[in-house]
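Asks: Structure in C-alpha cells, see below.
The values are calculated or read from the model by the stated rules, or taken from the named source; none is laboratory data. This structure is a prediction, so every number in the text was calculated from the model and none was measured. All Cβ positions, even for glycine, are placed from backbone atoms using ideal geometry, and neighbour counts span all protein chains on display.
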Amino acid sequence: MVSKFRWIMVIILCISISGCAGVQRKFARKKKEEPNTPAIVTTYDYAITERVDELYKKRFLFWKSWQGELIDRIGDGYKKRTECYEGLMQNLLEMQKYLSDEKYKELEVFITKIKSVDPDVKKIGLRGSEQYRIAQLLEKTKRLIDKRFSYSKVKDSLELRK
C-alpha cells in the first residue's frame, strides 16, 4: 500500500511540475531591452515663393481631380457625392489662400457658384434633372477655373496670405 501511495504521489508531482506555466515562466530568460534611438529630422528652409508655387500647384491638381470625380459620380450615392464635394471645396479654398487680392475676388465668384449647389449635392435622392443641372454647372465652372487659374496664368499673382 505504501509503495502504491509513493507512486501516485510521484505521478501527481510530475504532472503538476510539468504542466505549470508559472514555474516555466519563472525560469525563462527575459529579453534584453534595446535602447530607443532618437529620430533625426533634417529641415530645409525653402524660399517662400517656391513653397507657395508648389502648394498652389498641388491644391490646383487636387481640386481638378475632385471636381472631375464629382462630375463623373453625380449619379452615384450620397456619401460619394458628399466626399467629392467636400474635397473640391477644401482645395478651392486652399488655392484661394495663395492668390493676390484681385485673383482672390475673382475665384470667390466661382466658389459662390459652386456653393449654390451644396444643398442639392448633399441630398440623398437626386432626380435626373437635378443631376443634369448640377453636372452642367460643375463642368462650366471647372472649365473656367481651369482656364483662368492654371499655374501659368496666376504664377505672378501668388503670395502667402495669413
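Asks: Quick one: how many residues across the stretch 123-152 are more than 19 Å from Gly68 (Cβ to Cβ) and of a type outside the set (A, V, I, L, M)?
Replies: Residues that pass the stated criteria total 7.
Asks: Any residue in the stretch 44-60 that is within 21 Å of the chain's Cα centre (by Cα), in a loop (DSSP other than H, G, I, E, B) and more than 22 Å from Lys147 (Cα to Cα)?
Replies: Looking through the stretch 44-60, none of the residues is within 21 Å of the chain's Cα centre (by Cα), in a loop (DSSP other than H, G, I, E, B) and more than 22 Å from Lys147 (Cα to Cα).
Asks: Can I ask one more? Tell me, please, whether a residue that is assigned to a loop (DSSP other than H, G, I, E, B), surrounded by 15 or more Cβ atoms within 10 Å (Cβ to Cβ) and touching a Lys or Arg at 6+ places or on another chain (Cβ under 8 Å) can be found in the stretch 141-157.
Replies: No: the stretch 141-157 contains no residue that is assigned to a loop (DSSP other than H, G, I, E, B), surrounded by 15 or more Cβ atoms within 10 Å (Cβ to Cβ) and touching a Lys or Arg at 6+ places or on another chain (Cβ under 8 Å).
Asks: Mind listing whichever residues of the stretch 65-94 are basic (Lys, Arg) and farther than 18 Å from Lys115 by Cβ?
Replies: Result: Arg73, Lys79, Lys80.
Asks: Identify the residue in the stretch 91-101 that is touching a helix residue (DSSP H, G or I) at 6+ places or on another chain (Cβ under 8 Å) and either part of a helix (DSSP H, G or I) or among the charged types (D, E, K, R) (or both) and, among all such residues, is farthest from Leu144 (Cα to Cα).
Replies: Residue satisfying both the conditions and the ranking: Glu94.
Asks: Test Ile134 against the stated conditions and say whether it is under 25 Å from the mean Cα position of the chain (by Cα), of a type outside the set (Asp, Glu) and at negative phi.
Replies: no
Asks: While we're looking at this one, here's another question. Let me confirm something: among Leu88, Leu93, Leu70, which residue is modelled with pLDDT of 90 or more and crowded, with 16+ Cβ neighbours inside 10 Å?
Replies: On inspection, the qualifying residue turns out to be Leu88.
Asks: Where residues in the stretch 96-115 are of a type in the set (S, T, N, Q) and surrounded by fewer than 18 Cβ atoms within 10 Å (Cβ to Cβ), which of them is nearest to Asp76 (Cα to Cα)?
Replies: Filtering first and then ranking leaves Thr112.
Asks: Any chance you could count how many residues in the stretch 116-140 are surrounded by 13 or more Cβ atoms within 10 Å (Cβ to Cβ) and either at pLDDT 85 or above or touching a helix residue (DSSP H, G or I) at 6+ places or on another chain (Cβ under 6 Å) (or both)?
Replies: Final tally of qualifying residues: 12.
Asks: Check whether at least one residue in the stretch 35-52 is of a type outside the set (Asp, Glu), out of contact with any strand residue (DSSP E or B) (no Cβ under 9 Å at 6 or more places or on another chain), modelled with pLDDT of 80 or more and surrounded by 10 or more Cβ atoms within 10 Å (Cβ to Cβ), and report yes or no.
Replies: Yes, the conditions are met somewhere in the stretch 35-52.
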